[in-house]
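A quick write-up on the structure given underneath.
The values are calculated or read from the model by the stated rules, or taken from the named source; none is laboratory data. Every value quoted in this text rests on a predicted model; they were computed, and no experiment measured them. Reconstructed Cβ throughout: ideal geometry from the backbone, glycine too, with neighbour counts over all protein chains shown. Note: areas computed on protein heavy atoms with side chains; ligands, DNA, RNA excluded. Shrake-Rupley method; radii C 1.70, N 1.55, O 1.52, S 1.80 Å.
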Amino acid sequence: PPEISEESRLWWKEQFKRCIEGYSVGGKWMPPNLYFYINFWDIEMNLGKSKTKVIARPFLRDIEWLIGNAWIAARGFNGFTDDEYELNNNGIYEKLQNGSLQYKSGRPLYDNESKDLMLLGPRDFGKSFIASGMIIAHEWIFDGRKDCRKGNVKYKSHIAVGAGETKYSGNLLSKFAQGYTTSIIQKSSILGNVLYPHPFSKKFTGTLVAGKDGMIAKYSVKVGGEWKDEGSFSTIRHFSYKNNEHAAQGTRNSVMVKEEIGEFDNYLDTYAHDRETMADGGRKFGSSFEIGTGGNMNKGTIGAYKKFYDPETYDLLTIDDKWENRGKIGMFIPGTMRFNDYKDNQGNTDHEKALDFINSEIEKKKKGKNRKAVLDYIQYNPRVPSEIFLQ
C-alpha cells in the first residue's frame, strides 16, 4: 500500500499516471485505457486448453491493441503536447495502428471532436470484457481524467449503458461488477489489523438496475456535526431502450455503451437523441461504444447495416474496408482473430492458418443436411463484414 512506504507511494503514483496518460517503450505508446485493462483488470477466461474458467489478467493480443487504439482515437486523441499533429480521428488511428506514430515526450492531447466506435465481430473474442474493463471501468475509476496536472479541477464522468433488451446490457454490467470486485475491492491489503483499500478503489452508492439513479461515486462524511457527501460523483447508469428511443434523454454522458445492437429494434432511432446527451452546442464531447455480434443480428439488423456502411453520417470512427473494398465502414474484427490457437507469442494472428480452419469447418458442415448450421457457423465466424449480417 502507498501509505506504508515512499517507494510504494512513488510506484502507485507512476501507475496512476500511466493509467491516465498512457505509457511508452521504445517509442511505442500504449493508450491509458489499454494499459489499465491489461495491468489492473481481471476477467473470467480459460487458460491454455483448460476447460475450467479462472479469474486472470487479460491477454495482450492484436485485438486489444486494435480496440484500445480505436477507442482512444474516437475519444479525440490527436497527439502529444511536445509533437504537433494535424490529423483527424481516423488519421491518428491509422498512425497508432500501423506503428508510425512514435512517442517522444509530452502528455496526450484530445483536441479532435469525439467520434463513436461501432464494433462488429465474431462470438467469444472478449468484446464484452473489453467494454466492461477498458471502457466502462477505466472511465469511471479515473473520472474521465485526461492528464495528471495538479490543480483545483474536479473531474467527473457520466457513463450510460443500455440495450434493446436489458438482459444484454445487464450481462455486460455484471462483467463490470465482477471485474471491479476481483480487480479492486478484493485486492485491498490487511497489515497490522489495518485495512488498506486498493489505491484505485472508489466508495459508491446506488445500483446498476435499469431505470434507477445508477452507481454514484460518493460517500458520506461527518463535518462539524453534520453529514456531507464527498467523492467525484461520477456515475454509471443503466437504460432500457425497449420501446423507448428517448431512454437516455435528460442525461449528459461522456461515454455510452450499447450492447448487442443487432437485437435492438429501434437502434437507429436512438442515434439523434443520444448524440444530444454527448454534445455541448454543436461540438460532440462524448463517445459511444456500440457492439454487435455475428449470430445476433435480428430486429436491429437493418439499422446496424445502415450505420456500419455509412459511418461518416453517423459520427463513427471510420475504417477502410480491406475485406470487400466497400469504402469506409465501422470497425470489424474478422472471425480469424477469435482463435488464440492461431496467435504467436506476441498475440498476433496467423490469419492464413485461422482462415483455413474456418473454411474447413464450413466444408464439413456443408456435407450435412442442415443448411442453418452452415449459416450459423459463418455468422459466428465472419470472414468478411457482410457475413455479420447474414440471416
Item to check | From the options 304, 248, residue that is in contact with a strand residue (DSSP E or B) (Cβ under 6 Å, 6 or more places away or on another chain), more than 22 Å from residue 389 (Cα to Cα) and touching a residue at least 60 places away in the same chain (Cβ under 8 Å) | outcome: 248
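Listed here are the residues, each with its yes/no results for (1) on the phi < 0 side of the Ramachandran plot; (2) in contact with a helix residue (DSSP H, G or I) (Cβ under 9 Å, 6 or more places away or on another chain).
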{"site": "245", "(1), (2)": "yes, yes"}
{"site": "253", "(1), (2)": "yes, yes"}
{"site": "256", "(1), (2)": "yes, yes"}
{"site": "260", "(1), (2)": "no, yes"}
{"site": "277", "(1), (2)": "yes, no"}
{"site": "285", "(1), (2)": "yes, no"}
{"site": "299", "(1), (2)": "yes, yes"}
{"site": "305", "(1), (2)": "yes, yes"}
{"site": "311", "(1), (2)": "yes, no"}
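The rows are residues; the columns are (1) out of contact with any Asp or Glu (no Cβ under 6 Å at 6 or more places or on another chain); (2) open to solvent by 20 Å² or more (accessible area, probe 1.4 Å); (3) of a type outside the set (Val, Ile, Thr).
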site	(1), (2), (3)
9	yes, yes, yes
12	yes, yes, yes
17	yes, yes, yes
26	yes, yes, yes
30	yes, yes, yes
40	yes, no, yes
43	yes, no, no
66	yes, yes, yes
75	yes, yes, yes
Next on the checklist: Between a residue in region 200-217 that is charged (D, E, K, R) and any residue that is in a loop (DSSP other than H, G, I, E, B) and at pLDDT 95 or above, which pairs come within a Cβ distance under 7 Å, given they are 6 or more apart or on different chains?
Outcome noted: 202/217
Next on the checklist: For the structure I just gave you, tell me whether residue 36 is more than 24 Å from residue 147 (Cβ to Cβ) and either open to solvent by 20 Å² or more (accessible area, probe 1.4 Å) or assigned to a helix (DSSP H, G or I) (or both).
Outcome noted: no
Checklist outcome for this item: Considering region 114-164, residues that are touching a strand residue (DSSP E or B) at 6+ places or on another chain (Cβ under 9 Å) and of a type in the set (S, T, N, Q), and then whichever is surrounded by the most Cβ atoms within 10 Å (Cβ to Cβ), we arrive at 132
Checklist outcome for this item: Of the residues in region 230-244, those that are in contact with a strand residue (DSSP E or B) (Cβ under 6 Å, 6 or more places away or on another chain) and of a type outside the set (Phe, Trp, Tyr) come to 230, 231, 235, 236, 237, 238
Next on the checklist: Please go through region 116-133 and give me each residue that is outside any helix (DSSP H, G or I) and of a type outside the set (Phe, Trp, Tyr), ordered by number.
Outcome noted: 116, 117, 118, 119, 120, 121, 122, 123, 124, 126
Checklist entry - Among the candidates 164, 151, which residue alone is touching an Asp or Glu at 6+ places or on another chain (Cβ under 6 Å), of a type outside the set (Ser, Thr, Tyr) and at pLDDT below 95? => result 164
Next on the checklist: For region 1-52, which positions are of a type in the set (A, V, I, L, M), modelled with pLDDT of 95 or more and farther than 20 Å from residue 198 by Cβ?
Outcome noted: 30
Next on the checklist: Checking the structure you have, find out if any residue of region 68-85 is of a type in the set (Val, Ile, Thr), assigned to a loop (DSSP other than H, G, I, E, B), on the phi < 0 side of the Ramachandran plot and out of contact with any Lys or Arg (no Cβ under 6 Å at 6 or more places or on another chain).
Outcome noted: no
Item to check | Test result for residue 305, surrounded by fewer than 21 Cβ atoms within 10 Å (Cβ to Cβ), at pLDDT below 95 and closer than 28 Å to residue 76 by Cα | outcome: yes
